[in-house]
Amino acid sequence: MASSIPTTREAVIIGGNRIPFSRAGKKYVRTSNQDMFTAALEGLVARFGLQGERLGEVVGGAVLKNSRDFNLIRESVLGSSLAPVTPAYDLQQACGTGLEAAIAVTNKIKLGQIESAVAGGTDTISDAPIAVGDRLRRALLQANHARSTGDRVKALLPVLSHPKWLAPETPDTGEPRTGLSMGEHQAITTAKWGITREAQDEIALKSHQNLYRAWEEGFFDDLVTPFRGLSRDDNVRGDTSAEKLAKLKPVFGKSLTGEDGAPQPATMTAGNSTPLTDGASAVLFGSRDWAEERNLPVLATFVDAETAGVDFVHGHEGLLMAPVAAVPRLLTRNGLTLEDIDFFEIHEAFAATVLTTLAAWEDADYCRDELGLSGAFGKVDRSKLNVNGSSLAAGHPFAATGGRILATAAKLVHARAAETGTPARALISVCAAGGLGVTALVESA
């Protein structure tokens with residue numbers, strides 16, 4: 001008998017919730033990934049009256065996890081008011097984790113495999129795992145497997161002779177294949193594209209001004225649940241200025257040289273780079289029928305998504321340039337151009353990441369040679385870019401950023417469509433470690 005389940009249908013965005021993002025080492029210093037994701041999830045449950053409900057799936061992850069968090073998202077579900085029979089699993093794609101989780105669950109909704117889902121992510125720098133070196137780890141494992149006290153002592157004796165083995169290993173943002181930090185990789189790309197310090201500071205200033213205004217206007221009132229005494233993101237600076245940003249000293253790219261060996265000006269500062277941050281976010285999805293049966297709002301549809309990777313290892317492309325390749329494929333497949341987009345949500349890993357992305361799409365030679373297009377992909381209208389701020393101001397808890405952006409985009413297109421009576425679209429772009437990029441298209445429902 002042929003199945004009655006449709007092969008494709010809409011996956012709608014019902015709403016989102018996150019906890020305020022906090023700079024590392026501040027409000028969430030004694031808070032785990034599980035604490036934060038459970039809080040974001042529980043806030044979502046409370047907002048939409050899902051207590052005791054069995055959802056189709058909850059999917060999310062964290063970039064930095066302690067070994068105890070091997071089943072992080074499932075444990076968070078068990079700590080929430082959702083029905084304990086709600087399945088869940090962890091997923092990880094560096095900074096693209098939250099958006100990739102959304103792709104995973106919306107595909108299942110579109111295929112009729114599930115009726116509802118939550119996608120999101122969480123990350124903590126304040127409670128990051130600290131590991132031991134390989135030699136100490138092997139000695140400890142050998143001691144653990146030893147069958148006698150003597151064998152255990154024998155396994156551990158080399159440690160006593162090498163006290164340096166006891167030094168802990170803390171996580172960092174270095175790329176395993178190059179040894180360069182993400183900031184140093186971006187500094188190379190920034191110099192290659194000739195992005196100025198002033199242009200980067202302008203992006204940073206706009207991000208803080210837009211996010212501060214959005215908080216003041218109440219935009220985040222139904223997107224954020226207060227947590228651990230924090231009711232707003234504590235990185236946003238409503239009083240920052242171009243003059244204050246201009247005084248900050250460069251922190252990345254300080255040893256770059258040009259082809260002639262001459263020093264390159266360092267332009268990337270702490271002000272135009274995202275701070276290390278703690279936080280969590282979650283977004284509720286469903287079929288339209290599931291949402292309407294429960295009288296839940298339908299803000300937008302999750303239309304499509306595209307991922308990409310670039311070869312940064314051999315220096316052919318910048319580490320954070322993968323979304324540059326993904327977006328043209330995504331829009332072309334949907335018969336759209338940049339001019340058809342009402343809101344651009346481009347993750348501000350660094351201000352220069354946004355600027356190099358825009359510059360690449362405007363460069364006809366690059367688009368022909370690298371993207372296989374007939375000419376320049378197009379120009380982004382800056383008045384549509386990150387209109388309510390982005391990661392430079394809000395902070396960037398790696399796996400939580402996708403959920404933050406997605407919930408913001410869904411609310412923006414819903415409000416614009418209600419205001420104009422015509423459909424509105426948002427393009428989401430998130431770069432990630434490993435030369436990865438995750439992009440998505442949402443449209444008012």
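The values are calculated or read from the model by the stated rules, or taken from the named source; none is laboratory data. Only a predicted model underlies this, so the values are computations on that prediction, with no experimental measurement involved. Cβ: placed from backbone, ideal geometry, glycine included. Neighbour counts: every protein chain shown. Only protein heavy atoms, including side chains, enter the accessible area calculation; ligands, DNA and RNA are left aside. Shrake-Rupley method; radii C 1.70, N 1.55, O 1.52, S 1.80 Å.
Annotation note: trypsin sites (Lys or Arg not before Pro) in region 169-203 located in DSSP loop regions with a Cβ neighbour count of at most 16 within 10 Å are R177.
Hand me the GluC sites (Glu not before Pro) from region 156-228 located in a DSSP loop with no more than 13 other Cβ atoms within 10 Å, in residue order please. Don't skip to the end; give the middle numbers.
Details: sites: E169, E184, E198, E202, E216, E217; in loops: E217.
Passing both the DSSP loop test and the Cβ count: E217.
The mean accessible area for residues of the chain, using a 1.4 Å probe and ignoring ligands and nucleic acids, is 44 Å² per residue.
Filter the DSSP H helices in the chain by two things, a Kyte-Doolittle mean of at least 1.0 and an axial alpha-carbon span of 30 angstrom or more, and list the hits by number.
Details: long enough: none.
Helices passing the filter in the chain: none found.
Region 30-80 and region 207-254 have Cα centres spaced 26 Å apart. Database remark: amide H of V303 closer than 5 angstrom to the amide H of L441, V442, E443 (H placed geometrically; neighbours at sequence offset of 5 or more, or on other chains; Pro and chain starts carry no H). With N counted as the residues of the chain, its alpha-carbon radius of gyration over 2.2 N^0.38 Å works out to 1.02. Model label points for K379 and R9, set 7 angstrom from Cα along the Cα-to-Cβ axis, are 4.4 nm apart.
I need the shape label for region 356-434. Rule: rounded when a/c is under 1.5, else prolate if a/b > b/c, else oblate, with a, b, c from the alpha carbon gyration tensor. Verdict is oblate for region 356-434.
Give a quick list of trypsin sites (Lys or Arg not before Pro) in region 138-170 that DSSP marks as loop, anything other than H, G, I, E or B, with at most 11 other Cβ atoms within 10 Å.
Numbers: sites: R138, R147, R152, K154, K164; in loops: R147.
Taking region 138-170 and a limit of 11 other Cβ atoms within 10 Å, the loop trypsin sites (Lys or Arg not before Pro) found are R147.
Just check region 265-327 against the gyration tensor rule for me: Cα atoms, a ≥ b ≥ c as the square roots of the eigenvalues, rounded for a/c under 1.5, and otherwise prolate or oblate depending on whether a/b exceeds b/c. Note, shape of region 265-327 comes out oblate. Summarising the amide proton neighbourhood of F252: residues at separation of 5 or more, or on other chains, whose placed amide H is nearer than 5 Å comprise M268. The label point for R54 and the one for T337, both projected 7 Å from the Cα toward the Cβ, are 5.0 nm apart.
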